[in-house]
Each structure stands twice: as structure tokens, then as C-alpha cells.
Amino acid sequence: MALSAAARAALEQFKSQQQNAGYAAPDDVPEAVPPTQAGSGSASQPPAAVPANTQEPSAWNRLNDPSTTIKMGGLFRPEQPKTFRESGVSYRVLEGLILKIIKQEGPQNEQQLADVMKITANVFRDILVSLNKRELLDTPFPLHYDLTGKGRELVAMVEREDGYIGPAPVPFDVYVEMVKAQAKRERRVTMGEVEEVFASYPMRPTLKSTLKEGFNSQRVIIFYGPPGNGKSLITDNLHRLLREPVLIPYAFEYNSKVVQLFDPAFHKVRDDLMDREEAETAHSVSTAGKPDRRWIISEPPLVTVGTEFKVAQFDITFDGQYFAPPHMKANNGIFIFDDLGRQQENHNMILNQFIYPLEHRAAIIRFAGGSSMRAPFLQRLFLSTNLNHEEILDDAFKRRLLYQVLVDRPTTKLWKQIFVNEAGKVGLDKARAQELSERVVTWYKDDERVFRACDPRNLMTMIDASLDSGQRAEDVLDIIKMRDIYDRYPAAFKRDSKFFVGSMDTLGTGDEE
């Protein structure tokens, strides 16, 4: 689209202001720029339209200053910025964000813009004045701002570079320091905590002990073994051992690019803590003591990828806007690489991308344009596979696996315990469930079926689905009905079973722990 002369003039002024503010062009940023160098998204001097107070603390210093942080439930929350400089956002990004919001939402007043960007109007009021003077905005009615024709032409160009619309980003270096600070809160879990988390899941005591050791080591763990025996259940429940909430920004700014980090698929917002904060600070009319709403309180991240994962996903992707890669979203949490060995790309090529981060606790993450940044890699990495890991891993990665955990088929004793637990969930009393479990175990052995940990749950699902409205399992489930469900159940058989290295009871026929 050709720009009008007025729009070209506005664009040149926009670029000139960025240069005057000290911003580097993306191509001028070297590979692996440390977060403290220029272009990291730290606060820069704004153009003349937004005078800077050199006495104000930077966003970096504010995070490390107890007087500008709030302690909430063990978290040190950054305090709400009161000025443009304290926000740490570059002028270019904040100006572009305002223009994009107005284009999407229509005429906005200061409070509406503040609600979207989650910063106070004091931070961006002078930018509105500047946009109005440059005829990029006008005021169609009192106290509201809308785009002019010249403004619409400019915002179209801004959107092509970065379409992000949402809360204002935080500086990248502040995000890095927050991840490091939260990683230092890590503590060792006790055997009692592991027992509590897995109380409803019968398993070998030796497995629980190994899980505790592997978790406390913070080293990569590979879970392997036949399908249907609880690898996903174990990795998901280990996440419950991370009990301290974490702070995650909606987005961060790096080299004048906004990268969205928050992902509701992986970050579970603690609304209870957010609401409590809001209630405790609502009485204050000033910003002092109020938390920076650009950060959300979340459960520790739980990020899972599988067969779809590719090497390219270690980089920052651009799809109209920039998105952080999965392993970056997992900081201060758990990253699970599931179905190892079944990826479309060579899985060892993918695993080798983890070698540098695992050794240095940091990852070099690239943008599509060629620039890169050094980001923290402070998370637990769990690998999971149904294949024999000795056959699918190369030596370069294998020697880094201190914890190789076999999640084996259950013994008949454990299988009966699982059966009784699952039967209780559909309303069967313990005595009746134990009686049925003995009978079903006999059928399994007669038919040479393999005992899988998932079988009791699946059998009970079929039993529950067979009930009519108002029926209870305890009233209608007899041996005949149980046998009918058993015969229709898609079981696994010994003749098809594979041996796994380290297996104690490959086919689940023993009764010893």
C-alpha cells in the first residue's frame, strides 16, 4: 500500500524519534546479546515529547529494590510503575501499542487504554499528547482518542512488523531476573510429599524413592516402559510437587520486539491470589503499594509437547506477532517431551538442542530475522517414551541421563489394588470390588493377557457407560456382566509384548514387589 505524503512524514518522524531515543535497528544487534546490553528491552530515554526524569529508578533497579516490590504469598511482586521510565517499555513499542488498540477497539479514553495495557495513564499520557500533536490521533468527542487518516496508514505499517495487542510488555532483562529469583526458591521435596501426591496410585516403593531423588536432582529424567502403565500420570503428578506460585509476564520486550510469553494452555492463572491482591490494594487511590498488573500469578508451568515437535520450535516464531518457544514458557516449571522417538523429525536432532541449555542453564533463542538472545533455561525436563530408550538415544545425550526410570507393568498384587480403587469410583464397595478383582485376574492369566495399569480404569469406564439412567453399578454388576465387559475390552496379550531393559516383571504375572 502506497503511503501518502503526510503518512510518510509521520513515519520518518516516528523513526527519527526512535533513533533519538537510542534504539538500535534489529540488524545491528549481535548474536547472543546479553540481557544487560542495548536492545534488551530495558528502559531507554524517550523522545522530547516524553521528558525523562533521570532521578527515577530504572525497571531493572526497581525489581531489586525492596521499596518497590510487594511481598505476596512468598512472591516479591514488582510495584506498579508510576512513570514512563519506570515501566521500562520503549517509546516505539508503547506508541505502536496505543495505535493498534485504538484501531481494534475504536475510540478510547485514557482509562480504557490503561485497562488493556495494564499500566496507569500517567505512564503513557504524554505519548497521547504527542500523537495528537502529530495529527495521528484526534478527539472526536471529549477525552476520547481516535485514529486520523494519517494514523491509520501508520498503524497498518506497525501491524505488519508486529501485530501484538494486549498488556504492555516488561523489559526482557527484568523477566530474566525474575526467572532467576524464582528458581532460587526451589526446595527439596520429602518422601512424605511424594507419598501424598501418589497416594491414590499404587506403585512399587522403589519407584517412589527414585522419583523423589530424580525430582530433587533437577536433572533430566527419562521415563520409559510399555504403554498404558502410568508414565503420563507420573509426569503430570510430579508437577503437583511444585507448590509455590510463580510470576509470569504477559509479554516481554527485546530489541523493540514484543514477544508474547503467557499461554493459557500452559499457565494456569491463580485467580484466587490475583483477586486477593486486588481486594487488599483497592482502597488505595495512589499507585504506591499496588502490584504491576503486567505480571500474572500462575501455577508453575506444565508444558507438554509430543510427536508434532520440531527443531524449528526452539526459536521464536512469528505469525503476525512474536511467540516465545515452548521451553521458554516452561521456565520455573516442568517441560515434558512426550512420545520420544515418534517425532516427524529425527528425535536425536531435537534432543541435541537441549544439550547446551542443560549444561549452561541458559538457551540461545533466535528470531526469524537472525538476531538472538540468551534466555534462562531454569526448569525440569522430563522425557517419556514407549520405546526401548537404549535403542533410540545416541550416546551424546544418553550419558547425561542420570535418572532412567522404568515405569513397568504392575504386579498382580498392585493391579488388584488399582482395580479396587477404580471400582470405588463407580460406587462398588471394597469387598465386592476385591471379589471381582480376584475373578478378573484369573481370567487374565487363563487368557494370557498382560496386566496394564490402565486396564482397571478403562474397564470401569465401560461398566459405567453400560448403566441406564438411575442405575448403580453395585446393583447390576454381577459376574455375567463383568465377563461381558471383559470379553469386549481391547486387551494386550503376552504374545505381543516387548521386553524392556531393567524390567522386574515384564508380563505382570508375579506377586512380589
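Residue-by-condition table, conditions (1) within 30 Å of R160 (Cβ to Cβ); (2) outside any loop (DSSP other than H, G, I, E, B); (3) among the acidic types (D, E):
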residue	(1), (2), (3)
N229	no, no, no
D236	no, yes, yes
V258	yes, yes, no
F262	yes, no, no
H267	yes, no, no
M274	no, yes, no
E280	no, yes, yes
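Say we look at the range 388-414 and pick out the residues that are among the hydrophobic types (A, V, I, L, M, F, W, C) and not in a loop (DSSP other than H, G, I, E, B); which of these is surrounded by the most Cβ atoms within 10 Å (Cβ to Cβ)? Steps first, please.
We begin by selecting, within the range 388-414, every residue among the hydrophobic types (A, V, I, L, M, F, W, C); these are 392-393, 396-397, 401-402, 405-407, 414.
So of that shortlist, the ones also not in a loop (DSSP other than H, G, I, E, B) come out as 392, 396-397, 405-406, 414.
Numbers: I392: 16, A396: 11, F397: 19, V405: 23, L406: 20, L414: 21.
Among those residues, the one meeting the criterion is V405.
Just to be sure, is V305 crowded, with 18+ Cβ neighbours inside 10 Å, of a type in the set (A, V, I, L, M, F, W, C), free of Cβ contacts under 8 Å to residues at least 60 places away in the same chain and at negative phi? Walk me through it before giving the result.
Values: crowded, with 18+ Cβ neighbours inside 10 Å: yes; of a type in the set (A, V, I, L, M, F, W, C): yes; free of Cβ contacts under 8 Å to residues at least 60 places away in the same chain: yes; at negative phi: yes.
Yes: the conditions hold for V305.
Could you figure out which of (1) in contact with a strand residue (DSSP E or B) (Cβ under 6 Å, 6 or more places away or on another chain); (2) of a type outside the set (S, T, Y); (3) assigned by TED's automatic domain parsing to the domain that holds A453 isn't true of I365?
Looking at each condition in turn, I365 falls short on (3).
From the residues in the range 462-499 that are β-branched (V, I, T) and loosely packed, with under 15 Cβ neighbours inside 10 Å, which one is nearest to the chain's Cα centre (by Cα)? Can you show your working first?
So the first thing to find is which residues in the range 462-499 are β-branched (V, I, T), and the list is 463, 476, 479-480, 485.
Subset that is loosely packed, with under 15 Cβ neighbours inside 10 Å: 476, 479-480.
Numbers: V476: 45, I479: 47, I480: 48 Å.
Looking at residues that are β-branched (V, I, T) and loosely packed, with under 15 Cβ neighbours inside 10 Å, I get V476.
Limited to the range 468-513, what total is found for residues that are at pLDDT 85 or above, touching a Ser or Thr at 6+ places or on another chain (Cβ under 8 Å) and more than 18 Å from R439 (Cα to Cα)?
0
Please state which one of I222, I234, I248 is surrounded by 19 or more Cβ atoms within 10 Å (Cβ to Cβ), of a type in the set (V, I, T), over 19 Å from the mean Cα position of the chain (by Cα) and not assigned by TED's automatic domain parsing to the domain that holds F76. Before the answer, list the steps.
Details: I234 fails: over 19 Å from the mean Cα position of the chain (by Cα); I248 fails: over 19 Å from the mean Cα position of the chain (by Cα).
Going through I222, I234, I248 in turn, the sole match is I222.
Under 7 Å by Cβ, and 6 or more places apart or on different chains, what pairs join a residue from the range 264-275 that is basic (K, R) with one that is not in a loop (DSSP other than H, G, I, E, B)?
K268/S298; R270/I297; R270/S298
Take residues that are modelled with pLDDT of 95 or more and among the hydrophobic types (A, V, I, L, M, F, W, C) and tell me which of the helices (runs of 4 or more DSSP H) falling wholly in the range 32-151 contain 3 or more. Break it down into steps so the answer makes sense when it comes.
Working: elements: 59-63, 84-87, 91-105, 110-117, 121-133.
Correct list: 91-105, 110-117, 121-133.
Assuming L381 fulfils every condition listed in (1) touching a residue at least 24 places away in the same chain (Cβ under 8 Å); (2) farther than 15 Å from Q353 by Cα apart from one, which condition is it?
Result: L381 passes all but (2).
Is there a residue being among the aliphatic types (A, V, I, L, M), touching a Gly at 6+ places or on another chain (Cβ under 9 Å) and farther than 14 Å from D487 by Cα anywhere in the range 436-449? Give the derivation first.
If we filter the range 436-449 for residues that are among the aliphatic types (A, V, I, L, M), which is where we start, we get 436, 440-441.
This time we only want the ones that are touching a Gly at 6+ places or on another chain (Cβ under 9 Å), so: none.
No, because not a single residue in the range 436-449 is among the aliphatic types (A, V, I, L, M), touching a Gly at 6+ places or on another chain (Cβ under 9 Å) and farther than 14 Å from D487 by Cα.
Out of all the residues in the range 130-178, which are among the aromatic types (F, W, Y) and free of Cβ contacts under 8 Å to residues at least 60 places away in the same chain?
Of all residues in the range 130-178, those among the aromatic types (F, W, Y) come to 141, 145, 164, 172, 175.
If the condition is that a residue be among the aromatic types (F, W, Y) and free of Cβ contacts under 8 Å to residues at least 60 places away in the same chain, then F141, Y145 are the ones that fit.
Whether any residue in the range 187-206 is farther than 30 Å from W415 by Cα and in a loop (DSSP other than H, G, I, E, B) is what I want to check.
Yes: the range 187-206 contains one or more residues that are farther than 30 Å from W415 by Cα and in a loop (DSSP other than H, G, I, E, B).
Starting from residues that are under 30 Å from F318 (Cβ atoms) and in a loop (DSSP other than H, G, I, E, B), keep the ones in the range 238-256 and report whichever is modelled with the highest pLDDT.
Y250
Could we say that F323 is outside the structural domain of R160 (by TED's automatic domain parsing), more than 19 Å from I248 (Cβ to Cβ) and out of contact with any Leu (no Cβ under 8 Å at 6 or more places or on another chain) here?
Values: outside the structural domain of R160 (by TED's automatic domain parsing): yes; more than 19 Å from I248 (Cβ to Cβ): no; out of contact with any Leu (no Cβ under 8 Å at 6 or more places or on another chain): yes.
Criteria not met by F323.
The values are calculated or read from the model by the stated rules, or taken from the named source; none is laboratory data. Being a predicted model, the structure only gives us computed values, none of them experimental. Every residue, glycine as well, gets a Cβ built from its backbone with ideal geometry; the counts of neighbours run over all protein chains shown.
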